[in-house]
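*Asks:* Mind having a look at this structure? Questions to follow.
All of the numbers you see were taken from the coordinates with simple rules; none came from a lab. Note that the structure is a prediction, hence the values are computed from the model and not measured. Here Cβ is always computed from backbone atoms with ideal geometry, including for glycine, and neighbour counts include all displayed protein chains.
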Amino acid sequence: MLKIYNTLTRRLEPFRPLDPENVRMYVCGMTVYDMCHIGHARVLVVFDVVFRYLRHLYGPEHVTYVRNITDIDDKIIQRANERHLDIDTLTARYIEEMHRDAEALNVLPPTFEPRATRHMADIIEMIQTLLDKGYAYQADNGDIYYDVSRFEHYGRLSGKKPEDLRAGARVAVDEAKADPLDFVLWKAAKPGEPSWDSPWGPGRPGWHIECSAMSTHCLGHHFDIHGGGLDLQFPHHENEIAQSEAATGEPFVNVWMHVGFVRVDEEKMSKSLGNFFTIREVTARYPPEVLRYFILTSQYRSPLNYSDVQLDNAKGALTTLYTALRGIEPAGGANLDDPLARKFLAALDDDFNTPEALAVLFELAHGINRVRDSDAQEASRLGGLLTRLGGLLGLLYQDPEAFLRGGPSAGGLSDEEIEAQIAKRNEARKNRDFAESDRIRDALREQGVILEDGPEGTTWRRE
Ligand SMILES: [Zn+2]
């Protein structure tokens, strides 16, 4: 039986869906103003494995997975202003880039991918309910805040006490809230900002209310699993619980799952340390399946240490698995009662212990190598099992020859693709469309391709 570590109870618990015919999971997705980095890749891949495994256990048609898109917030507005773009143009570009990354990492599309700007009516309705029930108030500057003192269980998810939080809190000068713990539900529009009409005048939603409104819209008041990165546990998820349970008067979520941080060369990955990698930068150097494999070498709650050595190891490991599969015709109809299959499934049942599950794939690969020359039928049976179990992790989906032929830049752009982008940029420059020309140059740089403009035209090199 599947057991999941529940952040809310701090225990490993048997997973019992509210309705096995409709298992429901919500994961906080990206804020789309920049390229996705490896921290995002980890959240995408980990919950893709959870999604695949729930589909395996309950049937694909009985699992609903929602991963939202935050397409309005301060960073988006700032970035759009810097680039002289409207926010829809900016967010459309980064949504497309995110989808490309997800597809490269063999991440299944979620059942629904709601966007905050497309759910304003749901958001406004929930804020109105919170106002009507006395859980929210409008401040003098027109902003609407959630009144944390009204919610009895505040701090239950993060284990933080409101009085301790209050003592350490600082209130920014432009905020008009009554209590430092109160958080904004609706921001009154400032001049020049995008805004939506509401009963309280033009404005835009705070970040936390988006997820409460969209999860309720897509999954109902009470659902099974809510996930996200560990950095979202407080305050984002704490605030989601406060909003949703106050608005509906019902429990919100049964199981909370949080994915650990990515560390780079044993330090926390951060922009200020300059040790920050986008998915595109990594997949310019390694096949995307290697990045996916690497992510699964750590149990999802542990920190994940990113380094070239780890990526090289992941590539070597995948090479071993694909080498075992080379020249084998994997048999269909894999028998999941096989002892190795049972061992693999037991590892996933244990809070998605992917490192142990990967170890079973190696036992199968060694088994194939032992009988490859003596027993073609057994090799084929083991090959079928290996691809079937690998598939539950979203791995081993390629033709072995194709994987083994691919060089270190198999995930990056080919020379032809780079030349085609440069031709497009030259065209834009000729038309004096410098915004487009800069966009193409920046997009190539994200993928590890540096352009140099000289008197002879534009040359390029890989980073
Ligand atoms: Zn969220």
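*Asks:* How tilted is helix 308-325 with respect to the longest principal axis of the chain? Cα atoms for both, answer in degrees (0 to 90, nearest 10).
*Replies:* The helix 308-325 is inclined about 50 degrees to the chain.
*Asks:* Separate question: Rounded to the nearest angstrom and ordered from largest down, what semi-axes does the equivalent ellipsoid of region 172-254 get from its C-alpha gyration tensor (root of 5λ)? Present the calculation step by step, with values, prior to reporting the outcome.
*Replies:* On the way: eigenvalues 123, 50, 29 Å².
Values for region 172-254, descending: 25, 16, 12 Å.
*Asks:* Ok, one more. Take region 415-462, compute every pairwise Cα distance, and split them into 10 Å bins from 0; I just need the percent in each bin.
*Replies:* That works out to 28, 63, 10, in percent per bin.
*Asks:* Please report the base-10 log of the normalised intensity I(q)/I(0) for the chain, using a Debye sum with one equal scatterer per alpha carbon and no solvent, at each q in 0.13 (1/Å).
*Replies:* Log10 of I(q)/I(0), two decimals: -1.26.
*Asks:* Mind pulling the angle between the C-alpha long axis of helix 434-446 and the longest principal axis of the chain? Nearest 10 degrees, somewhere in 0 to 90.
*Replies:* Tilt relative to the chain: about 50 degrees.
*Asks:* Before anything else, pin down the relative contact order of the chain: Cα pairs under 8 Å, at least 6 apart, normalised by residue count, whole percent.
*Replies:* Numbers: 708 pairs, mean separation 74.7, N = 463.
With pairs under 8 Å counted, the relative contact order is 16 percent.
*Asks:* Enumerate the lysines that K343 could reach by cross-link, defined here as Cα to Cα under 26 Å, with residues fewer than 8 away along the same chain left out.
*Replies:* Within the straight-line limit of under 26 Å, K343 reaches these lysines: K3, K315.
*Asks:* Which of the lysines could a cross-linker bridge to K75, judged by Cα under 18 Å and excluding same-chain residues fewer than eight apart?
*Replies:* K187, K190, K271
*Asks:* Let me ask something else about it. Between D164 and L85, 0.36 nm times their residue separation minus their Cα-Cα distance comes to what? The partial results should precede the final answer.
*Replies:* Working: separation 79, 0.36 × 79 = 28.44 nm, distance 4.21 nm.
Roughly 24.2 nm would be gained on extension.
*Asks:* Excluding residues fewer than 8 places away in the same chain, name every one of the lysines whose C-alpha is closer than 19 Å to that of K133.
*Replies:* K177
*Asks:* Using 5 Å bins from zero, what percent of all Cα-Cα pairs in region 263-405 falls into each bin?
*Replies:* Whole-percent P(r) values from 0 Å outward: 2, 10, 18, 21, 18, 13, 9, 5, 3, 1, 0, 0.
*Asks:* Among E250, E175, E281, E289, which comes first, second and so on when ranked by fewest other beta-carbon atoms within 10 Å? Before the final figure, lay out the partial values.
*Replies:* Details: E250 10, E175 15, E281 18, E289 25.
The order, fewest Cβ neighbours first, is E250, E175, E281, E289.
*Asks:* Taking 7 Å along the Cα-to-C-beta vector as the label spot, tell me the S149-E446 distance in nanometres, rounded to one decimal.
*Replies:* 4.5
*Asks:* How do W186, W256 rank when sorted from fewest to most other Cβ atoms within 10 Å of their own Cβ? Let's see the in-between values first.
*Replies:* On the way: W186 26, W256 21.
Least crowded to most crowded, the residues run W256, W186.
*Asks:* Per 10 Å bin, what percent of the C-alpha pairs of region 17-259 does each bin hold, from zero upward?
*Replies:* In order of increasing distance, the bins hold 7, 30, 36, 22, 4, 0 percent.
*Asks:* Tell me the angle of helix 38-58 to the major Cα principal axis of the chain, expressed in degrees between 0 and 90 and rounded to the nearest ten.
*Replies:* Its long axis makes an angle of about 70 degrees.
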